[in-house]
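Note sheet for the following structure.
The values are calculated or read from the model by the stated rules, or taken from the named source; none is laboratory data. This structure is a prediction, so every number in the text was calculated from the model and none was measured. Reconstructed Cβ throughout: ideal geometry from the backbone, glycine too, with neighbour counts over all protein chains shown. Just so you know, the surface numbers come from the protein's heavy atoms only, side chains and all, with ligands and any DNA or RNA stripped out. Shrake-Rupley method; radii C 1.70, N 1.55, O 1.52, S 1.80 Å.
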Amino acid sequence: MKKSLSNKSVQLYYFSRFAELTEKSNEVWSTHAITVEELWFELDAQYRFEQEMSSVRPAINHEFCDWQRVINDRDIISFIPPVSGG
């Protein structure tokens, strides 16, 4: 994975199972990741999300995006796990 030379600070929001695993609903995260996918692997190594990436929807600045989307300093990033209704 190619890493950015500059460090970025992003605001992360966690929902459902991800909030349980991280024990927080949001945090500021410092990263050299270039894409949302790289950031996912970085966070998964830290928190062990136990979730297939293919079932997760990433969002940047409140809009769904694809995994190759480039992240910028101060972006707001969320990873939306699968949810079931009832």
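Summary of values
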quantity	calculated
Helix 36-47 axis, angle to the chain major axis (alpha carbon atoms, nearest 10°)	60 degrees
Viscosity 1.567 mPa s, 4 °C: Kirkwood-radius Stokes-Einstein D of region 7-49 over Cα pairs, µm²/s	122 µm²/s
Helix-only mean residue ellipticity at 222 nm for the chain, each DSSP H run of n ≥ 4 adding -39500 (n - 2.57), per residue, nearest 500	-6500 deg cm²/dmol
Amide hydrogen neighbours beyond the local backbone of residue 24, cut-off 5 Å, H modeled	none
Spin-label model distance (nm) - residue 64 vs residue 28, 7 Å beyond Cα toward Cβ	3.1 nm
Solvent exposure of the chain as accessible area per residue, Å², 1.4 Å probe	63 Å²
Over region 7-86: Rg over Rh, Cα atoms, Kirkwood Rh	0.93
Mean Cβ neighbour count within 10 Å, used as a protection proxy, ranking 23-32, 69-78 highest first	69-78, 23-32
Solvent accessible area, Å² - residue 18, 1.4 Å probe, full protein context	0 Å²
Region 27-86, accessible surface, carbon-and-sulfur percent (1.4 angstrom probe)	48 percent
Region 31-78 shape via C-alpha gyration tensor axes, a/c threshold 1.5	oblate
Relative contact order (percent, whole number), region 1-68, Cα cutoff 8 Å, 6+ residue spacing	29 percent
